[in-house]
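The structure under discussion appears below in the form of structure tokens.
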């Protein structure tokens with residue numbers, strides 16, 4: 001909270017300094033400036049994807065309407081959705097009963113780790129055994145949230161690093177069971193920078209200052225990503241899927257280097273179409289080169305009423321439309337940007353939409369002959 005008020009004060013000071021150089025009228029005009037593009041470009045409306053879709057990165061819970069989610073999935077051409085918020089214990093059991101038991105081919109549930117037990121003896125072995133029981137019950141993967149390496153602390157007050165040896169039995173068990181680990185570490189580069197006029201997510205961070213990880217109380221972003229790479233190296237027989245383009249969609253050359261170095265590493269595209277769509281030439285080359293290593297995902301429930309993403313993602317992947325909004329909302333959720341489509345070839349599109357997820361997630365199969373258009 002203190003950081004938030006300081007950032008607001010800093011912003012006021014910036015405006016005061018700017019006002020000394022520009023007139024009050026100019027300042028008001030700048031704040032109110034919301035231009036509408038006059039470019040005349042193609043607008044391709046894609047209601048339904050070209051091929052069946054597996055959303056490998058979605059979130060919903062047992063209190064959500066199953067029927068509403070299933071209806072939305074059919075409307076959007078989603079044949080299966082991975083719920084990464086499976087939880088553990090009773091929450092996990094509720095998710096399995098609500099989604100997996102009645103609709104085993106439509107819903108995939110991932111297990112989450114209870115880090116409150118990190119200081120218990122044999123923590124890793126206990127979680128590994130619990131995970132094995134969960135897989136027997138119907139779980140098909142493990143999801144790691146960004147708190148690992150960033151805010152999870154043990155009793156000593158030390159932030160638990162991603163490559164903490166206490167977690168090794170868990171990664172090894174995933175490899176043994178043949179289930180993937182969808183791992184979210186760190187966050188966008190802008191979240192680790194000062195909230196000032198140079199920060200490209202300035203508006204978003206002022207709305208959600210708790211998403212800022214700038215300051216000495218947090219590890220450096222590069223440190224967290226390096227810890228993840230250490231885990232990839234130590235567990236070559238375990239499949240890891242880096243959420244949000246490995247959480248470095250701003251630097252696809254870096255992501256490429258990690259994919260080249262670690263054949264057990266894959267990425268999903270959830271929540272990063274704004275980054276990918278701003279660099280369409282580089283992104284298209286990236287998708288084609290790593291077509292066997294990229295999974296479709298949105299980071300949204302299929303039934304999400306706020307900020308729906310699926311059809312925007314379809315347009316980004318399938319068309320060569322230029323300069324269109326990456327969001328469906330009165331204001332931009334991350335930055336005030338426009339994106340471009342990357343018109344992927346059909347053989348690449350099929351892999352990204354569903355084939356790669358089928359290959360990596362055990363027991364996941366959809367009707368390959370069902371096409372959407």
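Each reported figure results from applying straightforward, stated rules to the coordinates on display, with no laboratory input. Predicted model, so just to flag it, every value in this text is computed and none were measured. Counting neighbours? That spans all protein chains shown, and the Cβs are built from the backbone with ideal geometry, glycine included.
A compact table of results
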| quantity | calculated |
| --- | --- |
| Inter-label distance, nm, simple model (7 Å from Cα along the C-beta direction), residue 154/residue 103 | 4.1 |
| Residue of 130, 114, 55 that the Gaussian network model of the chain assigns the largest fluctuation, springs spanning Cα pairs under 10 Å | 114 |
| Cα-based shape type of the stretch 217-373, given that a ≥ b ≥ c are square roots of the gyration tensor eigenvalues and the cut on a/c is 1.5 | oblate |
| Most fluctuating residue given options 52, 121, 362, as computed from a GNM of the chain linking Cα atoms under 10 Å | 121 |
| Sites residue 251 and residue 119, calculated FRET efficiency, Cβ-Cβ separation with R0 51 Å, nearest 0.05 | 0.90 |
| Virtual paramagnetic centre 7 Å along Cα→Cβ of residue 165, amide N under 15 Å, in the stretch 101-116 | none |
| The stretch 254-332-the stretch 92-113 distance, computed between alpha-carbon centres (Å) | 26 |
| Whether the stretch 148-187 is rounded, prolate or oblate, judged on the alpha carbon gyration tensor where a/c under 1.5 counts as rounded | oblate |
| Which of 327, 281 has the fewest Cβ neighbours within 10 Å, and the rest in rising order | 281, 327 |
| Over the chain, relative contact order from alpha-carbon pairs under 8 Å, at least 6 apart, % | 20 |
| Cα-based Rg of the stretch 164-212 normalised by 2.2 N^0.38 Å, two decimals | 1.77 |
| Two-site FRET efficiency, residue 94 against residue 230, from Cβ-Cβ distance with R₀ of 30 Å, rounded to 0.05 | 0.30 |
| Shape category assigned to the chain from the gyration tensor of Cα positions, a/c cut at 1.5 | oblate |
| Spacing of the two label points (7 Å from each Cα toward its C-beta) at residue 68 and residue 47, in nm | 2.2 |
| Cα gyration tensor of the stretch 76-125 - equivalent ellipsoid semi-axes, whole Å, descending | 28, 11, 8 |
| Computed [θ] at 222 nm, helices only, for the chain once each DSSP H run of length n ≥ 4 contributes -39500 (n - 2.57) | -10500 deg cm²/dmol |
| Burial ordering of 301, 270, fewest other beta-carbon atoms within 10 Å first | 301, 270 |
| Within a Gaussian network of the chain (alpha carbon springs, distance under 10 Å), most fluctuating of 49, 169, 102 | 102 |
| Residues residue 347 and residue 282, FRET efficiency given R0 of 35 Å [Cβ-Cβ distance, rounded to 0.05] | 0.95 |
